[in-house]
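Peer 1: Take this structure first; my questions come after.
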Amino acid sequence: MIVDTALRELEARGNPIRVGMVGAGATGRAIALQLGTPVAGIRLVAISNRTVEHAERAFREAGITEWRRAGSAREAEATISRGTPVLTDDPSVLTACGAIDVLVEVTGTVEVAARVALEAYEYGKHVVLVNAELDSLLGPILKVKADRAGVVVTNTDGDEPGVAMTLYRYLRSLGLRPVAAGNLKGMVDYYRTPDTQRAFAEKNDQDARKVTSFADATKLSMETTVLANATGFHVGRRGMHGPACSEVREMARLLPADQMLRTGLVDYALGAAPHTGAFVIVHEDSPLKKAQLAYYKLGDGPFYVFYTPYHLPHIQIASTIGRAFIHNDPTVSPIAGPVCEVVTVAKRDLKAGDRLDGIGGFFSYGLIDNTATARGMAALPIGLSEGCVLRRDVRKDDVLSFDDVTPPPGRLADALWREQSVIWPVAPIPRKASGQGV
C-alpha cells in the first residue's frame, strides 16, 4: 500500500502516527507548522526543547492552542491520550513515552542527539534525523543499533540527501544506472564566520552558526556524506569538484566520466538553475536507448541528468515519517560502513591551546573526503571537533588530525565513533598517494 493511501486510512480510523519532536529552532518550528496543518494520518503530539519558550512558539505558530507541560513519560502519555500535546525541556520524557510512535530529532547537535536516538531505540521508536551533523558522523553505527532494536533510523526527504536518494531509488527501480548524485549550491566560501553571517541570520530568523555552516561548505559536505554512505558513491577529491554551471543538466559533461563509472560520485553543481533541489546522473551506453532518450530531449548521453527542482524539509518530512512507520522503510540510511566523512580544516592560522568551536564556528570548516583517505591522515571529523584543544599550531587550510588535539573527556560521540571504526576498519590510503588537496 502506498504511503498516501495508508496515511489516509490511519486518519479515517482515528489512529494517526504520533510524532514527538526534539528541537524547536527554525527548522523545528517549520516542521511543527506543517505537521500542525495537520497532515492526514500524522499528529505532532509533543515537543522537547531546552528553552521551553521556543517550543511554545512552535506550538503557537502551528496553530496548536492548547498544550501541557510534562515532567515524566507517564505524565506525557496520560496527557497525549486525552488529546492534548505535551511540552518538556527533557527529551527523555519523549523517548520513554508510550504515546509516541516516531521521534523527529532536529537539534543539529551531535552529543545530545546521539543520546536521544539511542534512548528512542530502547523504547521501540523510529527516529527521523533532520540532523546531518549527527548522521554524517555516526550514521552507520546508529543504523546498526537501530536494526538490532527493530526500528528505523533515517534522514529525511526534503533535505538534499533525502531528495537525491528518493530520486536515485526511483531511477534505479526503472532499470537505470545511477553513477552520480548531489546538491545544487548557490555559493561556497570556506572562511565565512558567525560574524559575517549574523545579519543574514537575523533577517531570516536563523541561528548565525547554522547559517555559517551553510556558507562555509560544512553543511554541504555533511549532506553529501550522508548521501555517499547511502549509495556507496565516493568523492572525486576532498571537498568535491563542484563545477560552476548555469543549468544543472550541464553536470553530465562537467564531472569526470572515469570517476563516475569507477566508483560513482557525490558532488554539487555551483550556481546552477533551478538553484535548489538535488540531481542524479545516470549512465546509458546502448545506442538504441540513447536514441530514445535523445528523442525525449534528455541529450545525447551517455550521461543523463535527472533532478528534483525543490527541497522542502518541513513539508517532505511527512513522507519519511509515513514510510518509516508504515513500511519500516528508511528514506536514506547507510548501506554499510562509512564511505565518506567530513574532515576538520583550519579556517585560519590556529595556535596551540586554542579550543575549537565546532561546526559553523570561527576556527574551522568541514570538507567531505573518502574515508580511506581521511583515515590515512588520522583526520579529525568535524563532528568531533567542538571542545577539542590544540596541542600544536596549525596553519590555515590544513586538515586537523587526532594527533593535533586533546578531546573533551567522556563523550558518547567519541565512544560511538571508535565502535564504528572497529566494526568497519579501513585500509588507509597514504596521504602522498591520495592526490587530494583542499
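Peer 1: Of a type outside the set (Ser, Thr, Tyr) and under 21 Å from Lys210 (Cβ atoms) - does that describe any residue in the stretch 67-85?
Peer 2: no
Peer 1: Condition test on Ala201, is it free of Cβ contacts under 8 Å to residues at least 60 places away in the same chain, closer than 30 Å to Arg411 by Cβ and open to solvent by less than 20 Å² (accessible area, probe 1.4 Å)?
Peer 2: yes
Peer 1: Let me ask you something else. So which residues in the stretch 204-225 are open to solvent by 10 Å² or more (accessible area, probe 1.4 Å) and not basic (Lys, Arg), if there are any at all?
Peer 2: Asn204, Asp205, Gln206, Asp207, Ala208, Phe214, Glu223
Peer 1: Could you check how many residues of the stretch 78-92 are surrounded by 21 or more Cβ atoms within 10 Å (Cβ to Cβ) and outside any helix (DSSP H, G or I)?
Peer 2: Total satisfying the criteria: 4.
Peer 1: Moving on. What pairs can you find where one residue is in the stretch 290-307 and open to solvent by less than 50 Å² (accessible area, probe 1.4 Å), the other is of a type in the set (Lys, Arg), and their Cβ atoms are less than 6 Å apart, with a gap of 6+ or different chains?
Peer 2: Taking only residues 6 or more apart or on different chains, the pairs are Gly301/Lys290; Val305/Arg249.
Peer 1: Then there is this: Are any of the residues in the stretch 183-193 at pLDDT 95 or above, of a type in the set (S, T, N, Q) and open to solvent by 20 Å² or more (accessible area, probe 1.4 Å)?
Peer 2: Looking through the stretch 183-193, at least one residue is at pLDDT 95 or above, of a type in the set (S, T, N, Q) and open to solvent by 20 Å² or more (accessible area, probe 1.4 Å).
Peer 1: Here is a follow-up. If I ask for residues that are within 20 Å of Val130 (Cβ to Cβ) and either over 18 Å from the mean Cα position of the chain (by Cα) or part of a helix (DSSP H, G or I) (or both), which ones from the stretch 153-188 would you list?
Peer 2: Glu160, Pro161, Gly162, Val163, Ala164, Met165, Thr166, Leu167, Tyr168, Arg169, listed by residue number.
Peer 1: Which numbered condition trips up Asp205, out of (1) at pLDDT below 95; (2) assigned to a helix (DSSP H, G or I)?
Peer 2: So Asp205 meets the others, but not (2).
Peer 1: Just name the residue that is most open to solvent (accessible area, probe 1.4 Å) out of those in the stretch 60-77 that are part of a helix (DSSP H, G or I) and of a type in the set (A, V, I, L, M, F, W, C).
Peer 2: Ala73
Peer 1: Could you say whether any residue in the stretch 52-68 is modelled with pLDDT of 95 or more and within 26 Å of Asn328 (Cα to Cα)?
Peer 2: No, every residue in the stretch 52-68 fails to be modelled with pLDDT of 95 or more and within 26 Å of Asn328 (Cα to Cα).
Peer 1: Still on this model: Just to be sure I understand the filter: pairs with C-beta atoms under 8 Å, separated by 6 or more residues or on different chains, first member in the stretch 413-438 and modelled with pLDDT under 55, second member in a helix (DSSP H, G or I) and open to solvent by less than 60 Å² (accessible area, probe 1.4 Å). Which pairs pass?
Peer 2: Arg431/Thr373; Arg431/Gly376; Ser434/Thr373; Ser434/Gly376; Gln436/Thr373
Peer 1: What number of residues within the stretch 308-355 are surrounded by 20 or more Cβ atoms within 10 Å (Cβ to Cβ) and on the phi > 0 side of the Ramachandran plot?
Peer 2: Total satisfying the criteria: 0.
Yes/no matrix, rows are residues, columns are (1) over 27 Å from Val248 (Cβ atoms); (2) among the charged types (D, E, K, R); (3) under 17 Å from the mean Cα position of the chain (by Cα):
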site: Pro302; (1), (2), (3): no, no, no
site: Pro313; (1), (2), (3): no, no, yes
site: His327; (1), (2), (3): yes, no, no
site: Arg348; (1), (2), (3): yes, yes, no
site: Gly353; (1), (2), (3): yes, no, no
site: Leu384; (1), (2), (3): yes, no, yes
site: Val389; (1), (2), (3): yes, no, no
site: Asp397; (1), (2), (3): yes, yes, no
site: Asp403; (1), (2), (3): yes, yes, no
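Peer 1: Every residue in the stretch 311-347 that is β-branched (Val, Ile, Thr), out of contact with any helix residue (DSSP H, G or I) (no Cβ under 7 Å at 6 or more places or on another chain) and more than 14 Å from Gln34 (Cβ to Cβ), please.
Peer 2: Scanning the stretch 311-347 gives a single hit, Val345.
Peer 1: Please work out which residue is most open to solvent (accessible area, probe 1.4 Å), limiting yourself to the stretch 356-400 and to residues that are farther than 16 Å from Leu220 by Cβ and in a helix (DSSP H, G or I).
Peer 2: Arg375
Peer 1: Go through the stretch 112-151 and give me each residue that's among the β-branched types (Val, Ile, Thr) and either open to solvent by less than 10 Å² (accessible area, probe 1.4 Å) or modelled with pLDDT under 95 (or both).
Peer 2: Val116, Val127, Val128, Ile141
Peer 1: Test Ala46 against the stated conditions and say whether it is buried (at least 19 other Cβ atoms within 10 Å of the Cβ), closer than 24 Å to Leu138 by Cα, in contact with a strand residue (DSSP E or B) (Cβ under 6 Å, 6 or more places away or on another chain) and of a type outside the set (Phe, Trp, Tyr).
Peer 2: Spelling it out, it is not the case that Ala46 is buried (at least 19 other Cβ atoms within 10 Å of the Cβ), closer than 24 Å to Leu138 by Cα, in contact with a strand residue (DSSP E or B) (Cβ under 6 Å, 6 or more places away or on another chain) and of a type outside the set (Phe, Trp, Tyr).
Peer 1: Just checking, does the stretch 158-177 include any residue being more than 18 Å from Asp329 (Cα to Cα) and of a type in the set (A, V, I, L, M, F, W, C)?
Peer 2: Checked the stretch 158-177: at least one residue is more than 18 Å from Asp329 (Cα to Cα) and of a type in the set (A, V, I, L, M, F, W, C).
The values are calculated or read from the model by the stated rules, or taken from the named source; none is laboratory data. Quick caveat: nothing in here was measured; it's all calculated off a predicted structure. Glycine also receives a Cβ, built like all others from the backbone with ideal geometry; neighbour counts cover every protein chain displayed. Remember, those area values only see protein heavy atoms, side chains included, never the ligands or the DNA or RNA. Shrake-Rupley method; radii C 1.70, N 1.55, O 1.52, S 1.80 Å.
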